[in-house]
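> Would you mind keeping the following structure in view while I ask a few things?
The values are calculated or read from the model by the stated rules, or taken from the named source; none is laboratory data. Worth saying up front: this structure is predicted, and the values here are computed from it rather than measured. Ideal geometry is used to build each Cβ from the backbone, glycine not excepted, and the neighbour counts take in all protein chains shown. Just the protein is used for accessible areas: all its heavy atoms, side chains included, with ligands, DNA and RNA removed. Shrake-Rupley method; radii C 1.70, N 1.55, O 1.52, S 1.80 Å.
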Amino acid sequence: MNDKGNFQLIIIFLSGLALLFIVAPLLGLMFSSSLPRLVETVGDKEVQNSILLTLSTAFFATIVFSIAGIPLAYLLARKEFPLKKIVSGIIDLPVVIPHTAAGIAILGVVSRDTLLGKTAGAFGLHLVGNPLGISIAMAFVSVPFLLNAARDGFAGVPVRLEKAALNLGASPLRVFFTISLPLAKRNVISGAIMMFARGMSEFGAVVIIAYHPMITPVLIYERFGAFGLKYAQPVAVVFVIVSLAFFVVLRMVAGKK
Amino acid sequence: MIQLLKLENISLDYETFSLKNISFGVKDGEYFVLLGRSGAGKSLILEIIAGLVKPDTGKVVLDGQDITENAIRKREVGIVFQDYAIFPHLSVKENICYPLKANKTPSHERERIVMDLVEKVGISELLNRDPATLSGGELQRTALARTLTINPKVLLLDEPLSSLDIELRLEMRNLLRKLNKEGLTIIHVTHDYEEAVALAHRVGIIHNGKIIQTGNPKEVFHKPKSRFVASLTGIRNFYNAKIISSKKALLENKVEIVIGSPVEYNETGYVSFRSEDVVISCDKIDSSLTNSFPGKVLSIIPFVGGMEVTVDAGILISSFITGQSVEKLHIREGKDVWVSFKAVAVKFIGR
C-alpha cells in the first residue's frame with residue numbers, strides 16, 4: 001500500500017477511536033437501566049423537580065446575562081479601548097479555572113456577610129441555597145460561550161451597514177436593534193443556546209453555592225454517593241435525554257430563523 | 001446660484017493616506033464631479049461630508065451652518081455607497097422605508113413616499129424582493145431611492161456607475177441628470193473622466209489627497225493645469241459639439257468633422273479624440289483619415305516620449321509625435337501644416 005493509503009487508514013482509525021471515546025460511555029449509560037426503571041425515575045417527584053429547577057435556573061441565567069452580555073460583546077467587536085486584550089482574556093477565565101474554584105469565588109461575593117449578600121438579604125433574598133444563587137453560578141461558568149459567539153457575530157456585520165443606517169437618520173440605539181443585532185442574530189442565538197446547555201450541565205460551581213434545592217447534576221451525585229451507581233444511572237439517563245432533546249429543539253428553532 | 005456646501009481646509013491623516021487642505025464649494029442645484037484615480041482620497045471626502053469620518057482640521061459648512069461636529073444622522077446629506085450598503089435582512093421596500101420609520105413618518109405617508117420614489121427610480125416591481133436576488137443596477141436604484149427618502153440637501157454618490165454595464169450606465173446617467181434638473185445638488189466621485197464630462201457642471205480633480213484643479217469640464221480637460229490632469233484623461237482635444245447630421249458634428253460652432261458612430265441629429269455634448277490619433281503632414285495626404293484640416297503650428301512642447309504639437313486649425317488641435325518626426329518634417333512654430341485623424345478616433349459624449 002502506498003504512503004497516501006497508509007496515512008488515510010491512520011486518520012480513519014484515530015478518528016474512529018476519538019468518536020468511540022465520546023459515544024461509548026453515553027451508549028453504555030443508555031443501556032444501563034431497564035425501561036421499567038427509567039419509567040419509575042421519570043415519575044419520581046424529586047427527579048422531576050430537579051429537572052424543572054435545572055432548566056428554569058439555566059434559562060433565567062441565560063436571559064438575564066444576555067441582556068448585559070450582548071452589549072459587552074458588541075463593545076468588544078466594535079470599539080477599540082485600552083486593555084481590550086486583557087478584557088477579552090478575562091471573559092475566557094471562567095472556562096479555564098476549575099469550576100469548584102469558580103463556586104468558591106462566587107460564594108465569596110454572594111454569601112450573607114458580603115455587600116451583595118446583605119443587599120439581597122435586605123429584600124428577603126438569600127442567594128446561597130437559593131435558585132437565584134444557582135443561576136448566578138451557572139451564568140458565571142457559561143457566559144463566555146454567549147460573549148464569544150455574540151462578539152464574533154457583531155464583528156461579522158459590516159460597519160458600512162451601520163454607517164449607512166446612521167446616515168439615513170437612525171439613532172445609534174435604533175441602528176443596534178434594527179441592523180447590528182438582527183444581522184448578528186444567528187451567532188447570538190447559537191451562543192445563548194450554548195450558554196443554556198453549559199449552564200444546565202454545571203455541577204462544580206453550583207454544588208458550592210447550593211446543595212439544596214438540588215439541580216439534577218447534584219441529584220445524580222447525591223444518589224451516587226448515598227445509594228451507588230445503580231441508583232444514579234437512571235437519573236443520569238433521563239437528564240441526558242432531556243438535555244439532548246432541548247439542545248436539538250433549540251438548534252432547530254434557531255436554524256429556521 | 002448660492003454656495004450650498006463648502007469644505008474649508010480639510011486635512012486628515014488616515015491610516016496610510018492623507019488629505020491635505022481640501023477646499024471647494026458646491027452651489028445649490030449644482031452637479032459636482034470629483035475625479036481622481038483609485039486611492040486618491042475621493043471616497044474619504046464624501047465620508048467626511050457625511051460625518052462618517054472626522055477630519056483632523058478644517059470645516060464642513062452646509063447652508064451656512066458649520067456641520068463638522070454634527071452627528072451623522074443630523075447632517076441632511078445622503079450618501080450612496082459604492083457597494084450600496086443595502087440591508088440584507090430587509091426587503092427592498094423595508095430598505096426604502098428604513099429612514100421613514102426612523103423619523104416616525106406615519107404609515108400612510110410612508111406608503112405614498114415609497115411609491116413615488118420607486119416609480120421615479122424605476123423599481124416599482126421589485127418592492128417585495130429580497131436584496132440577495134437583485135442585480136447590481138437594481139441594488140443601486142434601491143440604495144438611491146432609500147437615500148432620497150431623507151430628502152437630502154446634498155446627495156453624495158460614490159462611484160455610482162462603475163459597476164454597471166454600458167446600457168445600465170446610460171440609464172443611470174439619465175436618472176441622475178433628471179434628479180439634478182429637479183433641483184437636487186449632487187456630488188459624485190469617479191475615476192472615469194467620461195462620467196465627469198457627461199454629468200458635471202463643475203469638476204474637481206483630486207490627486208494624492210489634494211484638489212489640483214476645479215472648473216467646468218471644458219476648462220479642466222481642454223486646459224489641464226498640470227501634466228497629471230492631462231494624463232488622467234489623456235485627452236487634450238476636447239470641444240463643445242453639436243450633431244448636424246447623422247455622422248457629422250460641428251465643433252465650437254467653427255469646424256465640421258466626421259464622426260465614427262452615428263448620433264441623433266441636433267444632440268449637443270462634447271467631442272474628444274486622443275492626441276496620439278492626430279497625424280501631422282506638410283501637405284494634404286490622400287488616405288483613410290477622413291478628417292483633414294490645414295492649420296498653423298502654434299507651439300511645440302517636449303514631453304516624455306516625444307513632442308506635443310498644437311496646431312491652430314480654426315480650433316486648437318494637439319498632436320503627439322516623436323522628436324524625429326518634428327526634425328524630419330521641419331516642424332517649427334508658425335509653419336503651415338495639415339492635421340488629420342480618423343472618424344473612428346472621435347468620441348462623442350452626449351449631455
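> What do you reckon, is A:ALA101 within 17 Å of A:SER190 (Cβ to Cβ) and assigned to a helix (DSSP H, G or I)? Spell out the reasoning first.
Values: within 17 Å of A:SER190 (Cβ to Cβ): no; assigned to a helix (DSSP H, G or I): yes.
Spelling it out, it is not the case that A:ALA101 is within 17 Å of A:SER190 (Cβ to Cβ) and assigned to a helix (DSSP H, G or I).
> While we're looking at this one, here's another question. Consider the range A:225-257. How many of its residues are surrounded by fewer than 10 Cβ atoms within 10 Å (Cβ to Cβ) and closer than 30 Å to A:ARG186 by Cβ?
Looking only at that region, the number is 3.
> Touching a helix residue (DSSP H, G or I) at 6+ places or on another chain (Cβ under 8 Å), farther than 26 Å from B:GLU138 by Cα and either open to solvent by less than 30 Å² (accessible area, probe 1.4 Å) or away from every other protein chain (no Cβ under 14 Å) (or both): which single residue out of B:LEU52, B:LEU35, B:LEU7 fits that description? Lay out the reasoning, then the answer.
Values: B:LEU52 fails: farther than 26 Å from B:GLU138 by Cα; B:LEU35 fails: farther than 26 Å from B:GLU138 by Cα.
Unique residue meeting the criteria: B:LEU7.
> In addition: So B:SER275 passes all but one of these: (1) under 29 Å from B:ASN174 (Cβ atoms); (2) of a type outside the set (A, V, I, L, M); (3) free of Cβ contacts under 8 Å to residues at least 60 places away in the same chain; (4) surrounded by 19 or more Cβ atoms within 10 Å (Cβ to Cβ). Which condition number does it fail?
(1)
> Also, quick follow-up: I'm checking my understanding of the structure. Among residues of the range B:73-126 that are assigned to a helix (DSSP H, G or I) and small (Gly, Ala, Ser), which one is nearest to the other protein chains (Cβ to nearest Cβ)?
Initially, the range B:73-126 is screened for residues assigned to a helix (DSSP H, G or I), giving B:73-74, B:92-102, B:107-121, B:124-126.
Add one more test, that the residue is small (Gly, Ala, Ser), and what stays is B:102, B:107, B:124.
Details: B:ALA102: 4, B:SER107: 17, B:SER124: 21 Å.
That would be B:ALA102.
> Any chance you could count how many residues in the range A:164-192 are surrounded by fewer than 21 Cβ atoms within 10 Å (Cβ to Cβ) and not polar (S, T, N, Q)?
Within the range A:164-192, residues that are surrounded by fewer than 21 Cβ atoms within 10 Å (Cβ to Cβ) and not polar (S, T, N, Q) number 10.
> Test of understanding: among B:ASP312, B:ASP336, which residue is open to solvent by 70 Å² or more (accessible area, probe 1.4 Å), at pLDDT 85 or above and either assigned by TED's automatic domain parsing to the domain that holds B:ASN216 or touching a strand residue (DSSP E or B) at 6+ places or on another chain (Cβ under 9 Å) (or both)?
Numbers: B:ASP312 fails: open to solvent by 70 Å² or more (accessible area, probe 1.4 Å).
Exactly one residue qualifies, and that residue is B:ASP336.
> Pull up the range B:62-72, narrow it to residues that are out of contact with any Leu (no Cβ under 6 Å at 6 or more places or on another chain) and of a type in the set (A, V, I, L, M), then point me to the one that is farthest from the other protein chains (Cβ to nearest Cβ).
B:ILE67
> Any idea which of B:ILE96, B:ILE86, B:ILE45, B:ILE79 is open to solvent by less than 30 Å² (accessible area, probe 1.4 Å) and over 25 Å from B:ASP116 (Cβ atoms)? Steps first, please.
Working: B:ILE96 fails: over 25 Å from B:ASP116 (Cβ atoms); B:ILE86 fails: over 25 Å from B:ASP116 (Cβ atoms); B:ILE79 fails: over 25 Å from B:ASP116 (Cβ atoms).
Result of the check over B:ILE96, B:ILE86, B:ILE45, B:ILE79: B:ILE45.
> Going by what's in this entry, would B:THR142 be described as touching a Phe, Trp or Tyr at 6+ places or on another chain (Cβ under 8 Å), closer than 30 Å to B:LYS42 by Cβ, of a type in the set (Ser, Thr, Tyr) and within 14 Å of chain A (Cβ to nearest Cβ)?
So B:THR142 passes the test.
> Tell me which residues, restricted to the range A:143-163, are open to solvent by 10 Å² or more (accessible area, probe 1.4 Å) and not small (Gly, Ala, Ser). Spell out the reasoning first.
Within the range A:143-163, the first condition is being open to solvent by 10 Å² or more (accessible area, probe 1.4 Å), and the residues that meet it are A:143, A:145, A:147-149, A:151-152, A:155-156, A:158-163.
Hits for the range A:143-163 are A:VAL143, A:PHE145, A:LEU147, A:ASN148, A:ARG151, A:ASP152, A:PRO158, A:VAL159, A:ARG160, A:LEU161, A:GLU162, A:LYS163.
> Give the residue, chosen from B:ILE166, B:ILE212, that is surrounded by fewer than 21 Cβ atoms within 10 Å (Cβ to Cβ) and either among the hydroxyl-bearing types (Ser, Thr, Tyr) or farther than 22 Å from B:GLU30 by Cβ (or both).
Numbers: B:ILE212 fails: either among the hydroxyl-bearing types (Ser, Thr, Tyr) or farther than 22 Å from B:GLU30 by Cβ (or both).
Just one listed residue meets the conditions, B:ILE166.
Okay, residues lined up against (1) over 23 Å from the mean Cα position of the chain (by Cα); (2) over 30 Å from A:PRO217 (Cβ atoms); (3) not small (Gly, Ala, Ser):
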| position | (1), (2), (3) |
| --- | --- |
| A:LYS118 | yes, no, yes |
| A:GLY129 | no, no, no |
| A:ILE134 | no, no, yes |
| A:PHE140 | no, no, yes |
| A:PHE154 | no, yes, yes |
| A:LEU161 | yes, yes, yes |
| A:LEU168 | yes, yes, yes |
| A:SER171 | yes, yes, no |
| A:ARG174 | yes, yes, yes |
